[in-house]
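Input: a single structure, listed below in C-alpha cells.
The values are calculated or read from the model by the stated rules, or taken from the named source; none is laboratory data. Every value quoted in this text rests on a predicted model; they were computed, and no experiment measured them. Positions of Cβ are generated from backbone atoms using ideal geometry, with glycine treated the same way; all protein chains shown enter the neighbour counts.
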Amino acid sequence: MSNNINWGKIYETTAWGSGVDNSIGWGKSYADLAGGGGGGFDTDYQAVLDYAATQGYTAPSAAQQTLQNQLVVDLKAGGIWSKLDTFAVFATDGSSDFALIDWKRLTDYTAVNSPTFTANQGFQGDGTSAYIDSNFNILNDSVNMLVDDASLGAYVFTATTTGFEILGTDDSVNRVRNSSTVLQRVLAASNASTNIDFSGTGLMSGYKNSLSNWTFYKDNVQKFNGSFTSGNKTAFQNLYFLTHNGINSFSNAELSVVFGGASLDSEHTDFYNSINSYISSL
C-alpha cells in the first residue's frame, strides 16, 4: 500500500472557515497509513511491526495486531517471553513474509521449496521437499536454550497425512514428530523410553528440564515425564520445521506457531492458554 500523502490535495480540500474541524491527528494518521493498529502496543510487539515496515512486508489487519499484541502481553505475564530464543507466528492475515518474522530476534525464517501459506492457519509442507529454515543455529544463537534447560515445539493446525516431521535438526539431536512414537527428542541423541503421542492437531511441546529428564505435552495434557537412555548433546545445526534434516524426511503438516528456548515446564499451562487463546480468536 502506498503511504504517500498528496499535500496539494490536502491543502486544496482544507476549507478554512468552512465550519469543519480540519485538524489532523498526525500520530494516529501515520499509524493508520503504515498499517499499524494505533498506539499503546507492547514495545516488543511494536518492534515486530516496525521491522516489518522497514522490510516492506504487509502487516496484519489492525484487529489482528491487537490480538498479536495481547499474545505478547500474555507471554510476558506468564514469564514465558524472556525464556524464548526464537518464536514465530505463521498464523496471521499479514503477508507470508510477515509470517516468517522471528519475533524474538527480529530476523527472517526462510521458506524452502515453497511450503503453502494460508492466512490465519500457517505454513504447510508437501511431504517431499518443502520446509521452513528458522536460521536459528542452536549452537551459535541460543541464549536461553541449554543442554539441560530447553524447549522446542509447534502448534499443528492440520495434522500430517504424509511423513511425520514437525521440527528437528539434521543431526537428529532434536526431532519432534506428528505421531505416536519414541522418536521424540530435545537435545539428546537417544529416544524416549516409551511412545509419546503427538498425533493429531494442537500445541506439541517438548521440554528438557535436566540432563536426564524430558517432559512432553500435547495441548495442556502431559504425554511423557521421565528419563531417556543417554546422549545429551548440543545441536550444531539450524532448527528446521516440517522436516528434521532438510534432506529426506518431510511432512505435509500445517504449523501455526513455532518456538524454542529454555524449558517452559513450570509455565506450560500459561503458555498453552496464551497460544490457544490466540489461535481460537482467528
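Can we say Asp197 is touching a Lys or Arg at 6+ places or on another chain (Cβ under 8 Å) and either charged (D, E, K, R) or surrounded by fewer than 24 Cβ atoms within 10 Å (Cβ to Cβ) (or both)?
Against the criterion (touching a Lys or Arg at 6+ places or on another chain (Cβ under 8 Å) and either charged (D, E, K, R) or surrounded by fewer than 24 Cβ atoms within 10 Å (Cβ to Cβ) (or both)), Asp197 qualifies.
I'd like to verify a number: residues in region 95-116 that are within 14 Å of the chain's Cα centre (by Cα) and either within 17 Å of Phe41 (Cα to Cα) or not aliphatic (A, V, I, L, M) (or both), how many? It would help to see each step written out before you state the result.
Taking region 95-116 as the starting set, the residues that turn out to be within 14 Å of the chain's Cα centre (by Cα) are 96-111.
Narrowing the set further to residues that are either within 17 Å of Phe41 (Cα to Cα) or not aliphatic (A, V, I, L, M) (or both) leaves 96-98, 102-110.
The qualifying residues number 12.
For the residues Tyr240, Tyr272, Tyr207, Tyr278, the requirement of being hydroxyl-bearing (Ser, Thr, Tyr), in contact with a helix residue (DSSP H, G or I) (Cβ under 6 Å, 6 or more places away or on another chain) and more than 15 Å from Ala159 (Cβ to Cβ) singles out Tyr278.
Picking from residues in region 50-106 that are outside any helix (DSSP H, G or I) and in contact with a Lys or Arg (Cβ under 9 Å, 6 or more places away or on another chain), the one that is surrounded by the most Cβ atoms within 10 Å (Cβ to Cβ) is Ala88.
Determine whether region 157-173 contains at least one residue that is surrounded by fewer than 20 Cβ atoms within 10 Å (Cβ to Cβ), touching a helix residue (DSSP H, G or I) at 6+ places or on another chain (Cβ under 6 Å), assigned to a loop (DSSP other than H, G, I, E, B) and modelled with pLDDT of 95 or more. No - not one qualifying residue is present in region 157-173. A Cβ distance below 6 Å, combined with a sequence gap of six or more or placement on separate chains, defines the contacts here; from region 43-66, residues that are closer than 17 Å to Asn120 by Cβ and of a type outside the set (Asp, Glu) reach residues that are surrounded by 14 or more Cβ atoms within 10 Å (Cβ to Cβ) and modelled with pLDDT under 95 in the pairs Ala59/Gly35; Ala62/Gly37; Gln65/Gly37; Thr66/Gly37.
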